[in-house]
Amino acid sequence: MRGRRLTENRGVPSRGVDKYLAGLGAPARTALQELRQTILSIVPDAEECISYGMPAYRKEGKVVAGFAAFKTHLSYLPHSGSVLGKLSDDLAGYRSTKGSLHFPIDQPLPKALVKKLIDTRLNEVRSRP
């Protein structure tokens, strides 16, 4: 698709996410594959895509979840600057920035926490005009 930047991809088949994960070593790949399955179990009709070079999940026209691997940690990305602040009590013990939740490479996020993160983001998306 000539002239289309990676950050603008819509509907990138899951093979883009497969390729991203294949480029990772274990245990990061294992943890993020588990996170991928968790996200898809919570929002099975979400569109898998690549956003800003990282796996992401779009629902109702908005990216509602994503993840990335870094040298010393993994990140969950809610694609919102306010979701993590709303769940600060649930995130005790994790490091974060305004827009990313960091977790150890060898410790996947609990499914209950991922559900809260996605539900909070979906509520935010649905409440905007």
*Mind checking which residues of segment 29-50 are in a loop (DSSP other than H, G, I, E, B) and either of a type in the set (Asp, Glu) or touching a strand residue (DSSP E or B) at 6+ places or on another chain (Cβ under 9 Å) (or both)?*
VAL43, ASP45, ALA46
_segment 60-86, residues that are surrounded by 18 or more Cβ atoms within 10 Å (Cβ to Cβ), under 15 Å from ARG121 (Cα atoms) and not β-branched (Val, Ile, Thr)_ = ALA65, GLY66, PHE67, TYR76, LEU77, PRO78, HIS79, SER80, LEU84
_Enumeration of residues in segment 12-28 that are in contact (Cβ under 8 Å) with a residue 24 or more places away in the chain and in a helix (DSSP H, G or I)_ = GLY16, VAL17, TYR20, LEU21, ALA28
*asked:* Here is a check on your reading of the model: is LYS115 closer than 21 Å to ALA68 by Cβ, touching a helix residue (DSSP H, G or I) at 6+ places or on another chain (Cβ under 6 Å) and basic (Lys, Arg)?
replied: yes
*Using the structure shown, decide if ARG95 is among the charged types (D, E, K, R) and touching a Phe, Trp or Tyr at 6+ places or on another chain (Cβ under 9 Å).*
yes
*asked:* What pairs come out if I take residues in segment 108-129 that are at negative phi and pair them with residues that are of a type in the set (D, E, K, R) and part of a loop (DSSP other than H, G, I, E, B) whose C-beta lies under 7 Å away, six or more apart or interchain?
replied: LEU113/ASP90; LYS116/ASP90; VAL125/GLU60
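Condition check ((1) at pLDDT below 95; (2) surrounded by 12 or more Cβ atoms within 10 Å (Cβ to Cβ); (3) more than 20 Å from GLY99 (Cα to Cα); (4) aromatic (Phe, Trp, Tyr)) across all residues:
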{"site": "ARG2", "(1), (2), (3), (4)": "yes, no, yes, no"}
{"site": "ARG15", "(1), (2), (3), (4)": "yes, no, yes, no"}
{"site": "TYR20", "(1), (2), (3), (4)": "no, yes, yes, yes"}
{"site": "THR30", "(1), (2), (3), (4)": "no, yes, yes, no"}
{"site": "GLU34", "(1), (2), (3), (4)": "no, yes, yes, no"}
{"site": "LEU40", "(1), (2), (3), (4)": "no, yes, yes, no"}
*Residues being part of a helix (DSSP H, G or I), within 19 Å of LEU32 (Cα to Cα) and not basic (Lys, Arg) - total across segment 85-129*: 5
*asked:* Condition (residue is assigned to a loop (DSSP other than H, G, I, E, B), closer than 18 Å to GLN107 by Cα and either within 12 Å of the chain's Cα centre (by Cα) or not hydrophobic (A, V, I, L, M, F, W, C) (or both)) applied to segment 51-71: is it met by at least one residue?
replied: yes
*asked:* Need the failing condition index for THR7 against (1) more than 22 Å from SER127 (Cα to Cα); (2) outside any loop (DSSP other than H, G, I, E, B); (3) at pLDDT 95 or above, just the number.
replied: (3)
*Would you check which residues across segment 112-129 are over 18 Å from VAL63 (Cβ atoms) and surrounded by 15 or more Cβ atoms within 10 Å (Cβ to Cβ) and list them?*
LEU113
_If I ask for residues that are within 13 Å of LEU24 (Cβ to Cβ), among the aromatic types (Phe, Trp, Tyr) and in contact with a Ser or Thr (Cβ under 8 Å, 6 or more places away or on another chain), which ones from segment 66-90 would you list?_
PHE67
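The values are calculated or read from the model by the stated rules, or taken from the named source; none is laboratory data. Quick caveat: nothing in here was measured; it's all calculated off a predicted structure. Reconstructed Cβ throughout: ideal geometry from the backbone, glycine too, with neighbour counts over all protein chains shown.
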